[in-house]
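Heads up: the structure comes next, in structure tokens.
The values are calculated or read from the model by the stated rules, or taken from the named source; none is laboratory data. These figures come from a predicted structure and were not determined experimentally. Here the Cβ positions follow ideal geometry from the backbone for every residue, glycine too, while neighbour counts run over all protein chains shown. Ligands, DNA and RNA are stripped out before the accessible areas are found, and what is left, the full protein with its side chains, is counted by its heavy atoms. Shrake-Rupley method; radii C 1.70, N 1.55, O 1.52, S 1.80 Å.
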Amino acid sequence: MLKQFLNLKLSQKLSPQQIQLMKLIQLPTQAFEQRLLEEMNENPALEAGKEEEYEADEFANEEYDDYDDAESDRIEADDINIDEYLSDDDTPDYKTQANNYSDDDQERETPFASPVSFHQDLINQLNTFILNDEEREIAEFLVGSIDDMGYIRRSIPDIVDDMAFTQGIYTDEEMVEKMLNVIHELEPSGVGARDLQECLLLQLKHRTPTEYVELAIDIIENQFDAFTKKHYDKLLQKYNVSNEQLKKAVHEIEKLNPKPGGAFTGNNKVTENVVPDFAIRIVDGELELTLNGRNAPSLHVSKDYQEMMQTYKDSRDKSTAQKDAVQFIKQKLDSAKWFIDAIRQRQETLFVTMNAIMHYQEEYFLDGDETKLKPMILKDIADMVGLDISTISRVANSKYVETPYGTKLIKEFFSEAMKNDQGEDVSTLEIKKILQNTIEEEDKRKPLPDDQLAEILKEKGYPIARRTIAKYREQLDIPVARMRKKM
């Protein structure tokens with residue numbers, strides 16, 4: 001049944017151009033600049049800068065000169081429309097504009113701790129493994145799926161589907177599992193785990209085997225629930241060990257890192273400049289949005305390549321060698337024209353998406369009060385701009401915006417809606433903030449369990465279920481009450 005389901009979904013293949021455009025949209029400014037350099041190095045028909053002025057194209061209205069049909073080696077007229085490649089109007093019309101692009105991008109690079117170095121370190125480690133092209137693509141995609149804490153919080157089937165639809169990589173669960181085992185060999189130990197239990201087991205299995213490490217592995221593997229609930233009496237009875245033996249096994253577990261990716265937030269992590277992709281300013285009481293001008297490069301199709309096409313057009317001796325050459329030129333010109341158009345589409349997509357987000361959250365952007373962030377989901381913005389939800393997600397998950405209140409990751413502005421006791425829609429961000437404040441003010445000798453927190457928030461006007469409190473607490477990276485207790 002699973003295989004049939006995948007086949008049905010994969011029948012809706014995206015074109016290579018659509019896949020490439022989606023990848024471009026997902027890239028933040030610095031990564032986009034690197035991608036641009038790669039494209040220009042690979043395609044000599046693509047040039048940067050404003051195209052030199054020259055007279056209007058004298059060939060634009062000429063038709064293909066159909067030579068003697070007896071010439072056996074010439075290209076047929078319907079093979080290539082030469083005139084399509086001879087236009088001199090390829091200088092894009094999306095030059096930097098005062099209302100849309102920032103003119104001081106270099107000055108506004110904000111020092112910001114970025115997870116890029118963490119993922120790059122993992123990629124560098126992958127280079128020490130002998131992998132074929134398919135395996136490397138899958139392994140690198142898995143590295144990209146690791147969150148800042150070092151976990152892959154997605155199911156294998158979801159990863160298989162996402163690789164097919166977003167990257168054009170078609171594989172199966174067995175291959176992904178194989179590459180996940182490779183990821184589990186990387187440092188820091190425990191990286192790439194799907195949950196805490198797997199994370200701790202991976203670290204223990206990389207330790208030097210001892211009596212207490214072996215006991216710790218058994219506890220995590222088979223008595224994880226009892227351990228997390230600190231039911232030590234049950235563990236003593238189960239394993240028939242002394243208090244001292246159990247204490248040493250527990251000590252081995254306590255030395256493990258539950259957040260292997262978090263190690264990169266310390267002194268060993270390289271602080272990089274995250275360049276804001278957008279900037280929002282308040283001008284005369286109105287919000288003004290600019291797209292970083294580095295996302296709007298001036299590109300054009302090479303005049304030399306157009307002239308090579310013209311030379312071919314003028315030649316009456318169209319040999320096989322010339323035919324091969326003009327096919328190569330055509331390919332490079334097609335690629336250059338497509339890339340220029342894709343960049344234009346990327347710019348438009350980024351700007352209209354952020355513009356919609358800015359207006360949707362206008363109250364917040366005007367004064368910076370986080371309680372004024374309105375409930376907003378991807379579909380709200382997708383409906384406003386007429387784009388697919390997945391496109392909005394790609395913009396929100398990878399782009400930063402500079403605001404008067406600091407540089408923010410765009411996805412932080414999204415949240416679901418919940419009802420308060422007045423029946424009004426409030427943002428889950430607002431509720432999380434109140435929950436966090438409540439926990440910070442609690443008596444640490446008697447931390448509040450989730451059911452009591454639910455009662456307190458209900459008294460404040462937010463009727464939230466206990467399981468929702470638990471979910472928000474986990475999202476805020478706040479442990480359960482017994483783990484917050486202090487002597």
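Some points to look at:
- Boolean, L366 is on the phi < 0 side of the Ramachandran plot and open to solvent by 50 Å² or more (accessible area, probe 1.4 Å): yes
- Just one of the listed residues (E416, E440, E430) is at pLDDT below 85 and open to solvent by 60 Å² or more (accessible area, probe 1.4 Å), namely E416.
- Qualifying residues in segment 438-487 (those that are more than 25 Å from G262 (Cα to Cα) and acidic (D, E)) - the one nearest to the chain's Cα centre (by Cα): D450
- Segment 49-78: number of residues that are open to solvent by 60 Å² or more (accessible area, probe 1.4 Å) and at pLDDT 50 or above: 2
- Matching residues, segment 224-256, being open to solvent by 30 Å² or more (accessible area, probe 1.4 Å) and part of a loop (DSSP other than H, G, I, E, B): K229, K230, H231, N240, V241, S242, K255
- Within segment 14-48, considering residues that are over 18 Å from A296 (Cβ atoms) and polar (S, T, N, Q), the one least open to solvent (accessible area, probe 1.4 Å): N43
- Selection count where residues are free of Cβ contacts under 8 Å to residues at least 40 places away in the same chain and either assigned to a helix (DSSP H, G or I) or within 30 Å of V275 (Cβ to Cβ) (or both), scope segment 414-426: 1
- Scanning segment 302-339 for residues that are small (G, A, S) and modelled with pLDDT under 80 yields S315, S319, A321, A325.
Here is a yes/no grid of residues against (1) aromatic (F, W, Y); (2) within 30 Å of R482 (Cα to Cα); (3) in contact with a strand residue (DSSP E or B) (Cβ under 9 Å, 6 or more places away or on another chain):
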residue: S398; (1), (2), (3): no, no, yes
residue: I410; (1), (2), (3): no, no, yes
residue: S415; (1), (2), (3): no, yes, yes
residue: E459; (1), (2), (3): no, yes, no
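- Condition check for V395: closer than 30 Å to L289 by Cβ, aliphatic (A, V, I, L, M), outside any helix (DSSP H, G or I) and within 18 Å of the chain's Cα centre (by Cα): no
- Pick from segment 386-413, criterion farther than 27 Å from T166 by Cβ and without any contact (Cβ under 8 Å) to a residue 60 or more places away in the chain, ranking: surrounded by the fewest Cβ atoms within 10 Å (Cβ to Cβ): G406
For (1) free of Cβ contacts under 8 Å to residues at least 60 places away in the same chain; (2) surrounded by fewer than 17 Cβ atoms within 10 Å (Cβ to Cβ); (3) part of a helix (DSSP H, G or I), each residue gets a yes or a no:
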site: E135; (1), (2), (3): yes, no, yes
site: A139; (1), (2), (3): yes, no, yes
site: L142; (1), (2), (3): yes, no, yes
site: D147; (1), (2), (3): no, yes, no
site: R153; (1), (2), (3): yes, yes, no
site: P157; (1), (2), (3): no, yes, yes
site: M163; (1), (2), (3): yes, no, yes
site: T166; (1), (2), (3): no, yes, yes
site: Y170; (1), (2), (3): no, yes, no
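- I469, sole failed condition from (1) out of contact with any helix residue (DSSP H, G or I) (no Cβ under 6 Å at 6 or more places or on another chain); (2) open to solvent by less than 30 Å² (accessible area, probe 1.4 Å); (3) farther than 20 Å from K374 by Cβ; (4) hydrophobic (A, V, I, L, M, F, W, C): (1)
- For segment 172-205, the tally of residues that are hydrophobic (A, V, I, L, M, F, W, C), under 25 Å from Q18 (Cα atoms) and in a loop (DSSP other than H, G, I, E, B) stands at 0.
- Close Cβ contacts (under 9 Å, 6 or more residues apart or on different chains) running from residues in segment 201-221 that are more than 22 Å from S242 (Cα to Cα) and touching a residue at least 12 places away in the same chain (Cβ under 8 Å) to residues that are among the hydroxyl-bearing types (S, T, Y) and open to solvent by 20 Å² or more (accessible area, probe 1.4 Å) comprise L202/S189; Q203/S189; K205/S189; H206/S189; R207/S189.
- Output for segment 344-385, where each listed residue is touching a residue at least 12 places away in the same chain (Cβ under 8 Å) and not in a helix (DSSP H, G or I): Q361, G368, L373, K374, P375, M376, I377
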